[in-house]
Amino acid sequence: MTDEPRFGLTATASQTAGPFWHLIDFPAWADLLRADGPNAEVAGERIILTGRITDGDGAPCPDMMVELWQADPAGSYEGAFNGFGRCATDDDGMFRFTTLKPGPVRAAGNAFQAPHVALTLFARGLLHHLVTRLYFAGEALNEQDPVLSAVPPIRRATLIAQPEGAGVWRLDIRLQGERETVFLEV
Amino acid sequence: MTTSDQPGYRPAAPGSQPPLDAPAYGSTHKRHPKQPPLRIAATLTETSAPRMSAGLYPSHAELAKGPGWEAQGERIIVAGRVLDEDGRPLRGTMVEIWQANAAGRYNHERDRHDAPLDPNFKGEGRIFTDAEGWYRFTTIRPGAYPWRNHHNAWRPVHIHYSVFGAGFAQRLVTQMYFPGDPLLPIDPVFMAIPDAAARDRLVARFDLDIAEPEYALGYRFDIVLRGRAATPMENPA
Ligand SMILES: [Fe+3]
C-alpha cells in the first residue's frame, strides 16, 4: 500500500473521552426502538446485544462509551431505520443495546456482507477510539464475509456473538491480552 | 482477494494521531490492544453514517446563561468550522461538547475534586453545523483540574468535543485547549500526539471577531475530519 499524495488539511488529532463523558450520555439512546425515538414504527426482529468489556487484567471497564452503527433488517443504511445507538457500560463493564437484527449488507460486486453491527469504544485510557464488529453465530454468510475472512481463523470468534436466550446475543470485548478482540482500522 | 467498490478514507498523516500505548498516560497501560489493528477496505458500513438532526437530538448551544439562570465564570464563545481534509465544509453534522465548570469541577457524580459545583452549569451542549460548516457555543471558560496520573498532575484547561461526519470512519472525539496554557507542555494526553503541528491545531485561537462586545470573549476552533481516498483499497485477504 502506498500513501496517497496529501492535499490541503490534516485531520484533527483524537483525544481521550476521559472519565466524565457521561455528560453527553442519554441512556434512552441505548434502546434504538424506544417509543419516542426514530425507529418506533420500523418492523423487524427485535434483539438485545450485550457483553462485558474487560481490560488487560480481565477487570471490567465500567466507564466506557459504546456506540453502535448498523443497517436495517433489509441490509440498508438509507431506509427509515436510524441504526445509531450510544450506551454506557455499567459497574460490571456490561453494555446493552435493544435494536432490530440487521440484514446482509451489500459488498463489492454482487457479494453480501454477513449481518453485523459496528461498535465504537471511547474511554479514559483510549487516546483514539477503537472500532470492532459484532457478527451473529450461525449465519451462513459469515463464511464469505470480506472482513471476517481477513481475520486469522483463530481470532474470528472474538467478533461473533453467541445466542443467550430468546433474542439475546452476547459478545464480550477484551481490550488487551488473552483472546484480545480484533479491532479494525477503517 | 476482495476489492472494495467503496473509496474509503485517507489514512492518518504520520504523527498526527496519538498512539494507543502512551506510557506517560497511565490509563493506557491496561487498555491498549497489543495486536495491531486489522486494516480493512471500506464497505458501506464505514462510508455511511447516522442521519442526525435537531429534531431527533435536540440542540442547545447556550451553556452560560438562560431565562432565570446564569453560570459562574468568564463567559466565552467558542466557534469554528467542521471541514474535511479537502477543505469541504461538513454541513448538518452533530457537534457535542462537555466540560468542567469555571472552578475545574465536572457536574458528574464520579468527579471528587474538592472544588465548588455550580448549580447553573451543567456543562454539555449539542449543535448541528450550518451550510458552511459553522458551529458556535456560548459557555464558561473551564478551570484546570487535578487528576491522579502522576504526582501533582493537572489537566490543562480544555473542552471535550464529539463530532460525527458524513461517514462512520470520520468519527472524532477530541479536546480543545486554550492558548498559552502553561500545563500544555507537561500534559501526557496532549503531548501523546507526536507531531507538534498536530498538537498546535488542538489549541484554539483567541479571536476578537468571535467575541461579543460587553458580553463574552471569543475563541476559534476548526475541526478537520478525514477526507475520502481517491481509489478503493484492496483487502489483504
Ligand atoms: Fe476533561
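Brief remarks on what is shown
- DSSP-defined antiparallel bridges as percent of all bridges, the protein assembly as shown, nearest 5: 75 percent
- Shielding by partners - mean other protein chain Cβ count within 10 Å, residues of A:120-130: 6
- When segment A:21-174 is described by a simple charge dipole with +1 on each Lys and Arg Cβ and -1 on each Asp and Glu Cβ, the residue from A:ALA28, A:TRP69, A:THR158 located farthest towards its positive end is A:THR158.
- Shielding of B:166-176 by partner chains, average beta-carbon count, 10 Å: 6
- Just checking the listed ones, B:PRO50, B:PRO36, B:PRO194: in the Gaussian network model of chain B with Cα springs under 10 Å, the one fluctuating most is B:PRO36.
- Relative contact order (%) - segment A:21-174, alpha-carbon pairs under 8 angstrom, separation at least six: 25 percent
- Available extension along the chain between A:ALA35 and A:ALA80 is 14.7 nm, counting 0.36 nm per residue and deducting the alpha carbon span.
- Relative contact order %, segment A:87-150, counting alpha carbon pairs below 8 Å whose residues are six or more apart: 24 percent
- For the protein assembly as shown, the fraction of alpha-carbon pairs in successive 20 Å shells from zero, as %: 26, 60, 14, 0
- Viscosity 1.002 mPa s, temperature 20 °C, Stokes-Einstein D of segment B:123-237 from Kirkwood C-alpha radius, µm²/s: 129 µm²/s
- Overall, the ratio between the Cα radius of gyration of chain A and 2.2 N^0.38 Å, rounded to two decimals, is 1.05.
- Listed residues B:GLY66, B:LEU183, B:HIS151: farthest to the positive end of the dipole of chain B (Cβ charges): B:HIS151
- Mean sequence separation of contacting Cα pairs (under 8 Å, at least six apart), scaled by the length of chain B, corresponds to a relative contact order of 30 percent.
- Excluding same-chain neighbours fewer than eight residues apart, the lysines reachable from B:LYS122 by a Cα-Cα span under 22 Å are B:LYS65.
Read the figures in this text as sums done on the coordinates, not as results from a lab. Quick caveat, the model's predicted, so the values are computed rather than measured. Note: ideal-geometry Cβ built from the backbone for every residue, glycine included; neighbour counts use all protein chains shown.
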